[in-house]
There are 2 protein chains.
Amino acid sequence: MNGEEWLDVFKKIGKEIHRELPEGLNIASRQIPLGRGAAGDKTYPIDKWAENIIISVLENIHRKGEAFTVISEEIGTRTFGESKVIILVDPIDGSNNAKSGFPGFSTSLALLNGNTLSDTVVAYVINLTTGDTFWALRGSGAYKNGIQIRTTPSADATIVAFEASRPKRDISPILPLLNSAKRVRCLGSTALDLAYLAADAVSVFVTGMSSRTFDYAAGMLIVQEAGGIVTDITGNTLDHVMVGLDRTVPILATANRNLHASVVKILKNQ
Amino acid sequence: MNGEEWLDVFKKIGKEIHRELPEGLNIASRQIPLGRGAAGDKTYPIDKWAENIIISVLENIHRKGEAFTVISEEIGTRTFGESKVIILVDPIDGSNNAKSGFPGFSTSLALLNGNTLSDTVVAYVINLTTGDTFWALRGSGAYKNGIQIRTTPSADATIVAFEASRPKRDISPILPLLNSAKRVRCLGSTALDLAYLAADAVSVFVTGMSSRTFDYAAGMLIVQEAGGIVTDITGNTLDHVMVGLDRTVPILATANRNLHASVVKILKNQ
């Protein structure tokens, strides 16, 4: 299958999860953890429910002859035949929001032709609370709800989005950047932060904590295809980061190269 | 008209704004400020567009014989006949999000039988990005999408939502509270922060800056009717705060009395 065909599969998966969600799981039934997923976070019923939908679609595609390896937050690594193709899955990015009802959680899907982030060729993120969909094919631009999106060329840090999985540890290293912003936002879903940066709704996104590749691989390609820059928090490339279930590095995404340089400077002076 | 009849009017207004929004104004046309509203913030086309819908519905009701005074972010105070009834309107709470496309902006409507916050009797907030609606009638509980909502009895600050209109000034006074949280969120709409607290999606909401009554009067009643507590940031009652266009005080909302006491303590030790 080519990139466009895979993108169609990802869109179909996203639509199904979004459509089934209201009946699939009410808030009360989302609360009880089922244990821990392969990536170490607590698994909630909604994570497992969404992953089951995704795996079921991918199993069908494998039966038709496609080979690939899936790396997903809950089941970990699962091989569907011999292939260098990797599908990175975050069934629910923003599980805490999904289980409490806070409006900001998503499904994130990325297809790679190899095992480093520079190999990402198809990216798809759906905001499960609004239905907004974002996607990119490497070399073909980034799209929100079918309309091409581009980041701003402005070098001002207007709205800065951040994530902090442990506020006490994670806010302090990024506080100089937050203090320099016109506004700050913290939505609770890295995939969405990146997607909305690509759509020019925020100009900077930073994580205080180390992120996992399945959280940000799709969003990263969408940002890059929209004209933005994604590096680690010190400004180093992520191209050679190996994908997998482990936490990698804190990441920094900005709308353009000039803005990136000035934000890295602010963060280094900390 | 009684409270329930007013609530029906508010629901009708909210539905109309939510339904018309996609065609009403695309992102590009939301960007250019029209000047400043009566409350001092920049007015964007979307603020004026939503206010026009609201005023038009209220004018119709006045023509049928109802008297009231409207206090709204953009037009300021407008009298529709002699009455002590006040309608507090924030046409778009979260204008920055609405114009950039970040998912978190709302319409907030409150009806008061007098000119202090303790006079609020009807409250309505709609999340214009998800369609979630929240409402309360004083003494009759709080509702999200028609289902009664209650805050948690737990005294733990799990998810802490905050707003900071100038991060450099507003984050530092609330940093000890953010650092004590399990997770933080910053959505960019005070009315929504309060509404989602009432629905138990967050347990604490704090503003670093002084808020305006039209931003929080509706959300405040919804939180109170769901079992939560809303005071100023030092723990003092807001009951006698006069409604109007001015900034009042930084506010603090929590899920219950025990949690409120412990959060006030954390903020005072700052």
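The values are calculated or read from the model by the stated rules, or taken from the named source; none is laboratory data. Computed from a prediction, not measured in an experiment: that's the story for all the values here. Methodologically, a virtual Cβ is constructed for each residue, glycine included, from the backbone with ideal geometry; neighbour enumeration extends over all protein chains shown.
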**OP:** Being touching a residue at least 12 places away in the same chain (Cβ under 8 Å) and in a loop (DSSP other than H, G, I, E, B) narrows it down to one of B:GLY114, B:GLY65, so name that one.
**Re:** B:GLY114
Original post:
Of the numbered conditions (1) surrounded by fewer than 18 Cβ atoms within 10 Å (Cβ to Cβ); (2) closer than 18 Å to A:THR190 by Cα; (3) hydroxyl-bearing (Ser, Thr, Tyr), A:SER262 satisfies every one except a single condition; which is it?
Top reply: (2)
Subject >> For A:ILE126: the one exception among (1) touching a His at 6+ places or on another chain (Cβ under 8 Å); (2) under 21 Å from A:PHE162 (Cβ atoms) >> reply: (2)
Subject >> Matching residues, the stretch B:157-166, being crowded, with 21+ Cβ neighbours inside 10 Å and either touching a Lys or Arg at 6+ places or on another chain (Cβ under 8 Å) or free of Cβ contacts under 8 Å to residues at least 24 places away in the same chain (or both) >> reply: B:ALA157, B:ILE159, B:VAL160, B:ALA161, B:PHE162, B:ALA164
Subject >> Unique match (being of a type in the set (A, V, I, L, M, F, W, C), touching an Asp or Glu at 6+ places or on another chain (Cβ under 6 Å), within 14 Å of another protein chain (Cβ to nearest Cβ) and buried (at least 19 other Cβ atoms within 10 Å of the Cβ)) among A:ALA136, A:ALA142, A:ALA98 >> reply: A:ALA142
Subject >> So A:THR107, is it assigned to a strand (DSSP E or B), under 20 Å from A:LYS42 (Cβ atoms) and not aromatic (Phe, Trp, Tyr) >> reply: yes
**OP:** Being over 17 Å from the mean Cα position of the chain (by Cα) and away from chain A (no Cβ under 11 Å) is the filter here, so list the residues in the stretch B:102-114 that pass it.
**Re:** B:ASN113, B:GLY114
Original post:
Could you say whether any residue in the stretch A:231-252 is closer than 25 Å to B:SER95 by Cα and hydrophobic (A, V, I, L, M, F, W, C)?
Top reply: no
**OP:** With respect to B:ILE87, determine if the residue is at pLDDT 95 or above, crowded, with 17+ Cβ neighbours inside 10 Å, in a helix (DSSP H, G or I) and not assigned by TED's automatic domain parsing to the domain that holds B:THR213.
**Re:** no
**OP:** Output the helices (runs of 4 or more DSSP H) that fall wholly within the stretch B:129-232 and possess 1 or more residues being in contact with a Pro (Cβ under 6 Å, 6 or more places away or on another chain), or say none.
**Re:** B:175-180
**OP:** Examine the stretch B:210-217 for a residue that is buried (at least 20 other Cβ atoms within 10 Å of the Cβ), away from chain A (no Cβ under 14 Å) and modelled with pLDDT of 95 or more, and state whether such a residue exists.
**Re:** yes
Subject >> Considering residues of the stretch A:239-250 that are touching a helix residue (DSSP H, G or I) at 6+ places or on another chain (Cβ under 7 Å) and within 22 Å of A:GLU74 (Cα to Cα) only, the residue surrounded by the most Cβ atoms within 10 Å (Cβ to Cβ) >> reply: A:VAL243
**OP:** Considering each of A:GLY219, A:GLY208 in turn, give the residue that is without any contact (Cβ under 8 Å) to a residue 60 or more places away in the chain and not hydrophobic (A, V, I, L, M, F, W, C).
**Re:** A:GLY208
**OP:** Of all residues in the stretch A:90-103, count the ones that are at negative phi, of a type outside the set (Phe, Trp, Tyr) and part of a loop (DSSP other than H, G, I, E, B).
**Re:** 1
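Yes or no, residue by residue, for (1) within 9 Å of another protein chain (Cβ to nearest Cβ); (2) surrounded by fewer than 23 Cβ atoms within 10 Å (Cβ to Cβ):
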{"residue": "B:THR152", "(1), (2)": "no, yes"}
{"residue": "B:ALA155", "(1), (2)": "no, yes"}
{"residue": "B:LYS168", "(1), (2)": "yes, yes"}
{"residue": "B:PRO176", "(1), (2)": "no, yes"}
{"residue": "B:GLY188", "(1), (2)": "yes, no"}
{"residue": "B:ASP193", "(1), (2)": "no, no"}
{"residue": "B:TYR196", "(1), (2)": "yes, no"}
{"residue": "B:ALA199", "(1), (2)": "yes, no"}
